[in-house]
1. Just need a number here: residues in segment 14-50 that are closer than 17 Å to Asn66 by Cα, small (Gly, Ala, Ser) and touching a residue at least 12 places away in the same chain (Cβ under 8 Å).
2. Scan segment 1-13 residue by residue and report those that are under 15 Å from His68 (Cβ atoms) and either touching a Phe, Trp or Tyr at 6+ places or on another chain (Cβ under 7 Å) or not in a helix (DSSP H, G or I) (or both).
3. Being of a type in the set (A, V, I, L, M) and exposed (fewer than 13 other Cβ atoms within 10 Å of the Cβ) is the filter here; which residues of segment 1-17 pass it?
Amino acid sequence: MNELLSNLYLLHTTPLGRERIRKNLQLTGEDPVAFCRELLSHPACHIFRQGKNWYGEKDRIRITVNAHSHTIITAHRTE
């Protein structure tokens with residue numbers, strides 16, 4: 001198990017980050033942090049670290065998380 005999955009309970013984001021994630025993923029009533037936590041914990045999610053960030057990819061969605069602070073930086077749809 002990698003460090004990101006072991007520390008999913010630490011995931012958080014800023015108020016601007018919440019709005020950015022909602023807009024990018026077109027979420028309506030869902031909590032963006034809960035959505036990201038659920039996606040990252042799915043067994044089919046591909047998680048990798050590159051530099052100072054963790055990345056999780058599943059269903060054409062990529063989530064970027066700062067490896068040190070566990071802050072969700074952004075999430076967006078990929079083509």
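Every read-out reported here was derived from the displayed coordinates using simple, explicitly stated rules and does not represent laboratory data. Being a predicted model, the structure only gives us computed values, none of them experimental. A quick note on method: Cβ atoms are made from the backbone with ideal geometry, for glycine too, and the neighbour counts reach across all protein chains shown.
1. Number satisfying all stated conditions: 2.
2. As a first pass, look at segment 1-13 and keep what is under 15 Å from His68 (Cβ atoms): 2-4, 6-7, 10-13.
Once the filter is applied, which keeps residues that are under 15 Å from His68 (Cβ atoms) and either touching a Phe, Trp or Tyr at 6+ places or on another chain (Cβ under 7 Å) or not in a helix (DSSP H, G or I) (or both), segment 1-13 yields Asn2, Leu4, Asn7, Leu11, His12, Thr13.
3. Met1, Leu10, Leu16
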